[in-house]
Amino acid sequence: MSSYDLVIIGGGPGGYNCAIRAGQLGLNTAIVEKRGKLGGTCLNVGCIPSKALLHASEYYEAARKTFPAMGVNFTNLSVDLARMQNQKEDAVDGLTKGVEFLMKKNKVDYIKGEGKIVAPGRVQVGSQTLETKNIVIATGSVPAELKGVDFDEERIVSSTGGLALSKIPGKLIVIGAGYIGLELGSVWRRLGAEVTVVEFLDRITPTMDGEISNHFHRILKKQGMLFELGQKVTGVEKTRNSLKVTIEPAQGGQGRVLEADIVLVSIGRKPYTQGLGLEGVGVRLDQRGFIETDHFQTNVAGVYAIGDCTPGPMLAHKAEEEGAAVAQIIAGQWGHVNYDVIPGVVYTYPEAAGVGKTEEELKAAGIAYKVGKFNFAANSRARTNHETEGMVKILEDEKTKRVIGAHMIGVGVGEMIGEICVAMEFGASAEDIARTCHAHPTMTEAIREAAKGVDGWTMQA
């Protein structure tokens, strides 16, 4: 029987960051992962492989549509999908090995297998029993199923299957207009598929700032993506040569049938807590199956939970923050996550990014605010790069003079949103950002101009 200060169940971003920080703090730590590779969904079948395909497909579309206008000519452009998939797997493989090396470097025992809590302070992995003072559950989430539409990961696929297609579909139907569906839909549209997105609500990306969401919708339509909003999928019939997807108005009405080669179901994710032995030790779940916590602590002493298996945004970087924080708490130090400054990014082209409150949230809460906006069409670098789609919006609390939200759509805004996160952590006003010198010409000048716009002195015509 092995004895530890901390055993972590789950080797995704939350789990492995928790393990690294715990090791740095001198805790005798083990991490248990049943996949056989560390990194979780994000690294193995999520954020990282999707970015590899997004990046490659962006190059292909740029070569087709943008290069000639810039005087770059070529012949015989084509897609080698097998090679594109291989470079994706190479990136994943290198990163998973890197995470495993970090376990060794920080003296964390990596135990392959399925962990089950058999008693407070005791985790069973196969025939091995781990005694531990503390347990952190970091088991993440899995794709949510649509009732009556079962995944086969060949023709009806989750995000996992959607990343591994061996052939570019002629027609792809994406069920769900959230971040994951739009990203994967973008990949296959750029590579040549006709992509139709079916969404139950009357808008895409429903948690996004409304103005940015509407702008985003217009851009994706202009690029050729088709949308069926306010529609629900009632069934998918498999035939020999196609899939027949029946949809009808969400509020009721006459149904229609759409045909597809591949159907990607992307209606969200659900917490993964099966087989953990939670009922046996009394760990409480909420009605949706998430583990209830109070500052990461469950209702059972010495058992903590972080990441996607707990309520809140299902984002790898949120789990990472929680992993480091809970490790510090267990080590007797200060640990905290500022949930008001958790950015979200959609890695389409152009990207959409946001942090903090949306205008809709501020209006609903009755908070008086000021807004500044700047369009990339007026940004010098954007114009020279032929990347003028999009805008930056900054929201400031009228009473406290603090930036409480920022929302952007444009090329590279997933990187740019970090500037706003730092500003918000330091309690900056829009004027603080506006009076900070930004290099010229850069895309980030749009942030400064939007901040200036809060007080009415932007340079925009």
Note to self: How are the alpha carbon pair distances in the range 346-419 distributed across 10 Å bins from zero to the largest one, expressed in percent?
What the structure shows: 20, 46, 26, 8, 0
Margin query: I need the phi-derived Karplus couplings for the range 125-137: 6.51 cos²θ - 1.76 cosθ + 1.60, θ = phi - 60°, integer Hz, Gly and Pro marked x.
Written below: 10, x, 8, 9, 10, 10, 8, 8, 6, 9, 10, 10, 8
Checklist line | Solvent exposure, largest accessible area first (probe 1.4 Å, DNA, RNA and ligands not counted), of 376, 101, 67 | finding: 101, 67, 376
Notebook entry, point to check: How far apart, in nm, are the 7 Å Cα→Cβ label points at residue 142 and residue 363?
Noted result: 4.0
Next item on the list: Leaving ligands, DNA and RNA out of it, report the carbon-plus-sulfur percent of the accessible area of the range 24-148 at a 1.4 Å probe.
Entry: 52
Next item on the list: For the chain, state what percent of all Cα-Cα pairs lands in each successive 10 Å bin, counting from 0 Å until the bin that includes the largest distance.
Entry: 4, 18, 26, 26, 19, 6, 1, 0
Item checked: Whole-Hz ³J(HN,Hα) from phi, Karplus 6.51 cos²θ - 1.76 cosθ + 1.60, for the range 334-347, glycine and proline x -> 7, x, 7, 10, 8, 6, 7, 10, 10, x, x, 9, 9, 8
Notebook entry, point to check: Hey, with R₀ at 22 Å, roughly what FRET efficiency would residue 51 and residue 422 work out to, going by the Cβ-Cβ distance, to 0.05?
Noted result: 0.45
Notebook entry, point to check: Tally Lys and Arg at +1 and Asp and Glu at -1 over the other residues with C-beta under 15 Å from the C-beta of residue 335: what net charge comes out?
Noted result: -2
Checklist line | FRET efficiency estimate (nearest 0.05) - Cβ-Cβ, residue 107 to residue 127, R0 22 angstrom | finding: 0.35
Check: So what is the 222 nm mean residue ellipticity for the chain from helices alone, if each DSSP H run of at least 4 adds -39500 (n - 2.57) and you divide by all residues, rounding to the nearest 500 deg cm²/dmol?
Finding: -10000 deg cm²/dmol
Check: How much length is gained if the chain between residue 229 and residue 435 is pulled fully straight, taking 0.36 nm per residue apart and subtracting their Cα-Cα distance, in nm to one decimal?
Finding: 69.9 nm
Notebook entry, point to check: Any idea of the accessible area per residue across the range 262-335, 1.4 Å probe, to the nearest Å²?
Noted result: 44
Next item on the list: For residue 203 and residue 341, compute 0.36 nm times the residue count separating them, minus their Cα-Cα distance, and round to one decimal in nm.
Entry: 47.2 nm
Checklist line | Surface accessible to a 1.4 Å probe, residue 295 within the full protein complex, Å² | finding: 100
Check: Out of residues 5 or more away from residue 250 or on other chains, whose amide H comes under 5 Å of its own, with H placed 1.01 Å from N in the peptide plane?
Finding: 231, 232
Notebook entry, point to check: Taking amide H positions as placed 1.01 Å from N in the peptide plane, with prolines and chain starts having none, which residues 5 or more places from residue 342, or on another chain, fall under 5 Å of its amide H?
Noted result: 356
Next item on the list: For residue 315, tell me the accessible area in Å² from a 1.4 Å probe, rounded to the nearest 10.
Entry: 40
Notebook entry, point to check: Which Cys residues of the chain have no other Cys Cβ less than 4.7 Å away and so no disulfide-compatible partner by this rule?
Noted result: 18, 309, 421, 437
Next item on the list: Just subtract the alpha-carbon distance of residue 442 and residue 168 from 0.36 nm times their residue separation and send over the number in nm, one decimal.
Entry: 95.0 nm
Checklist line | Label-to-label distance, nm, for residues given as residue 246 and residue 79 (7 Å Cα→Cβ offset) | finding: 3.1
Check: For the range 77-131, max minus min Cα coordinate along each principal axis, in Å, sorted largest first?
Finding: 60, 24, 16
Note to self: Taking θ = phi - 60°, what integer Hz values does the Karplus form 6.51 cos²θ - 1.76 cosθ + 1.60 yield along the range 91-105, in sequence order, with x for Gly and Pro?
What the structure shows: 5, 4, 4, x, 6, 5, 5, x, 5, 4, 4, 5, 5, 4, 4
Notebook entry, point to check: When all protein chains stay in place, what accessible area (Å², nearest 10, 1.4 Å probe) is found for residue 70?
Noted result: 90
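The values are calculated or read from the model by the stated rules, or taken from the named source; none is laboratory data. For clarity, every value in this text was computed on a predicted model and none was experimentally measured. Cβ: placed from backbone, ideal geometry, glycine included. Neighbour counts: every protein chain shown. Accessible surface areas use protein heavy atoms only, side chains included; no ligands, DNA or RNA. Shrake-Rupley method; radii C 1.70, N 1.55, O 1.52, S 1.80 Å.
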